[in-house]
Amino acid sequence: MKRYSRWPAGGCTLADVTLPSLGESVTEGIITRWFKQVGDVVARDEPLFEVSTDKVDSEMPSPAAGVLIAILAGEGDTVETGSRVAVIDEAAGTGSGSTPAARPTPEAFVAPAPAPAPAPPAASPLPPVAPPAPPSPAGVVMSPVVRRILADGGVEPGTVRGSGPGGAITRRDAERAVMNGPTDDIVVPLSNGLRRMGQHMTLSTQSTPHGYVAVEVDASIIDRLDTLGRVTRDGVPISDEVVVGLAAVRALGEFEFLNATFAGDELVVHRTVNLGFMREVHRDGMLVPVVHAAAGLTLRALARRAHELQDRVATRQLTADDLMGGTFTLVGPTGPNALWSQPIIIQPQVAVLSMGSVRRAAVVVDDPERGPTVSVGRRVILGLSFDHRVCEPFSATNYLERVAELLAGLDLESEH
């Protein structure tokens with residue numbers, strides 16, 4: 001094997017190539033093949049040499065881009081992990097190909113002559129080796145096996161902290177990262193929408209004494225709707241949320257104190273019901289578009305108005321008028337298996353109604369002749385978040401029970 005004792009003249013930016021750890025119990029490897037020769041241009045992560053251990057044969061990628069100016073371990077040499085095996089000049093040509101713009105010549109390297117006893121070489125000695133700095137995420141050193149483990153596990157190498165020499169990622173590091181996921185924290189700035197939503201909800205919780213009640217109600221009306229058809233005679237889809245919303249609006253005629261807003265220290269009770277539907281905006285919080293003057297609408301008309309708002313939310317074509325003037329809000333099912341949610345009141349309103357998903361459930365029916373029997377029925381949980389300054393749990397529960405009565409009594413055939 002040839003070992004070189006003098007670097008080319010000039011100011012080089014040298015990068016040491018070391019043998020990374022190849023396993024938990026592997027302390028050395030045999031260099032079996034060099035893919036590049038002295039003077040060749042090398043790209044970062046390009047296979048540089050092959051190493052063999054008692055467990056695996058691996059191609060080692062280059063930790064830097066530049067010109068290979070020295071090979072310190074020849075083919076067949078046994079090298080300890082962490083030892084230098086080559087040197088790359090990063091300041092030399094970075095183009096592709098095997099002939100750089102300023103290719104070092106063999107005369108630039110002087111090999112010591114064999115001698116019975118070691119003697120100081122005529123050339124200047126090698127410069128002292130500085131400890132290798134941890135690689136940046138873009139230049140993480142890893143073997144092909146480690147790279148494959150991370151790629152198959154869907155883990156970005158830049159998110160894994162290597163424990164090998166110079167920050168190299170070992171096989172154990174890769175397996176742990178795939179099992180546990182990335183270990184580095186990721187800082188994600190809040191969007192303007194999320195920030196504004198958080199500020200508004202914080203203000204609401206700090207200024208409003210919240211109360212909550214929930215009741216389970218009969219949702220057999222949904223079975224009737226399924227039988228009749230889920231679209232209006234105008235071809236507009238009818239959702240469970242719209243059906244519950246219609247009953248909620250009509251119940252507010254008897255519980256006017258819930259259709260109100262605060263103006264400073266004064267409570268303003270509204271004669272017109274402007275019903276807001278809470279809508280999620282992907283990665284940007286939520287919006288509450290409003291159906292104005294909802295109290296006089298039929299099921300068909302409410303379904304059409306809600307559908308139009310939903311289209312404008314999806315296409316980001318809501319106007320300022322669509323988002324202003326709400327007096328009462330409905331939060332629909334947040335998921336197919338959600339029982340109900342406990343939303344924060346949207347200021348300056350005093351209440352918000354939430355509903356869970358309509359589900360099939362075992363229902364106990366008291367039969368006068370046969371006694372209690374169990375059958376399969378439709379049920380939904382309705383919840384109310386209310387302002388304790390205008391309401392208490394008993395009145396809130398009465399409102400929900402009235403919504404349930406109106407829900408069961410809807411004339412779908414005439415309003416469809």
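The values are calculated or read from the model by the stated rules, or taken from the named source; none is laboratory data. Not measured: the values here are computed from a predicted model. Note: ideal-geometry Cβ built from the backbone for every residue, glycine included; neighbour counts use all protein chains shown.
Residue pairs whose Cβ atoms lie under 9 Å apart, separated by 6 or more positions or on different chains, with the first residue in the range 173-198 and within 16 Å of VAL145 (Cα to Cα) and in the same structural domain as LEU150 (by TED's automatic domain parsing) and the second modelled with pLDDT of 75 or more and among the charged types (D, E, K, R), are ASP173/ARG161; ALA174/ARG147; ALA174/ARG148; ALA177/ARG161; VAL178/ASP152. Condition check for ILE186 on (1) within 30 Å of GLY162 (Cα to Cα); (2) surrounded by 17 or more Cβ atoms within 10 Å (Cβ to Cβ); (3) among the aliphatic types (A, V, I, L, M): one failure, at (2).
Residue-wise test of (1) of a type outside the set (D, E, K, R); (2) under 30 Å from VAL350 (Cα atoms).
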| site | (1), (2) |
| --- | --- |
| GLY153 | yes, no |
| PRO157 | yes, no |
| ASP173 | no, no |
| ARG176 | no, no |
| SER191 | yes, yes |
| THR205 | yes, yes |
| ASP218 | no, yes |
| ILE222 | yes, yes |
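As a summary of the residue check, SER357 satisfies the conditions (1) in contact with an Asp or Glu (Cβ under 7 Å, 6 or more places away or on another chain); (2) among the polar types (S, T, N, Q); (3) under 21 Å from ALA306 (Cα atoms) except for the one numbered (1). Just name the residue that is surrounded by the fewest Cβ atoms within 10 Å (Cβ to Cβ) out of those in the range 360-416 that are part of a helix (DSSP H, G or I) and among the polar types (S, T, N, Q). Within the range 360-416, the match that is surrounded by the fewest Cβ atoms within 10 Å (Cβ to Cβ) is SER414. Scanning the range 337-359 for residues that are surrounded by fewer than 19 Cβ atoms within 10 Å (Cβ to Cβ), of a type in the set (S, T, N, Q) and more than 16 Å from ARG279 (Cα to Cα) yields ASN337, GLN347.
For GLU75, indicate whether it is at pLDDT below 90 and within 21 Å of GLY164 (Cβ to Cβ).
Considered against the rule, which asks whether it is at pLDDT below 90 and within 21 Å of GLY164 (Cβ to Cβ), GLU75 comes out as no.
Conditions tested, residue by residue: (1) touching a strand residue (DSSP E or B) at 6+ places or on another chain (Cβ under 7 Å); (2) surrounded by 21 or more Cβ atoms within 10 Å (Cβ to Cβ).
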site	(1), (2)
THR272	no, no
ARG279	yes, no
HIS292	no, no
THR298	no, no
GLU308	no, no
ALA320	no, no
VAL331	yes, yes
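Screening PRO336 with (1) of a type outside the set (D, E, K, R); (2) in contact (Cβ under 8 Å) with a residue 40 or more places away in the chain; (3) within 20 Å of ASP226 (Cβ to Cβ); (4) assigned to a loop (DSSP other than H, G, I, E, B) gives one miss only, at (2).
For the range 57-76, how many residues meet the condition of being on the phi < 0 side of the Ramachandran plot and either out of contact with any strand residue (DSSP E or B) (no Cβ under 7 Å at 6 or more places or on another chain) or not in a strand (DSSP E or B) (or both)?
Result for the range 57-76: 8.
On the stretch given as the range 208-239, residues that are in a loop (DSSP other than H, G, I, E, B), over 37 Å from the mean Cα position of the chain (by Cα) and surrounded by 15 or more Cβ atoms within 10 Å (Cβ to Cβ) total 1.
Residue check: is ASN259 more than 37 Å from the chain's Cα centre (by Cα), touching a residue at least 24 places away in the same chain (Cβ under 8 Å) and assigned by TED's automatic domain parsing to the domain that holds VAL363?
yes
Pairing residues of the range 341-360 that are farther than 13 Å from LEU382 by Cα with residues that are assigned to a strand (DSSP E or B) and among the polar types (S, T, N, Q), at Cβ distances under 6 Å and at least 6 apart in sequence or on separate chains, gives ILE345/SER385; ILE346/THR329; PRO348/THR261; GLN349/THR261. Taking every residue in the range 203-221 that is closer than 16 Å to ALA248 by Cα and pairing it with any residue that is surrounded by fewer than 19 Cβ atoms within 10 Å (Cβ to Cβ) and among the acidic types (Asp, Glu), at least 6 positions away or on another chain, the pairs with Cβ-Cβ distances below 7 Å are VAL215/GLU401.
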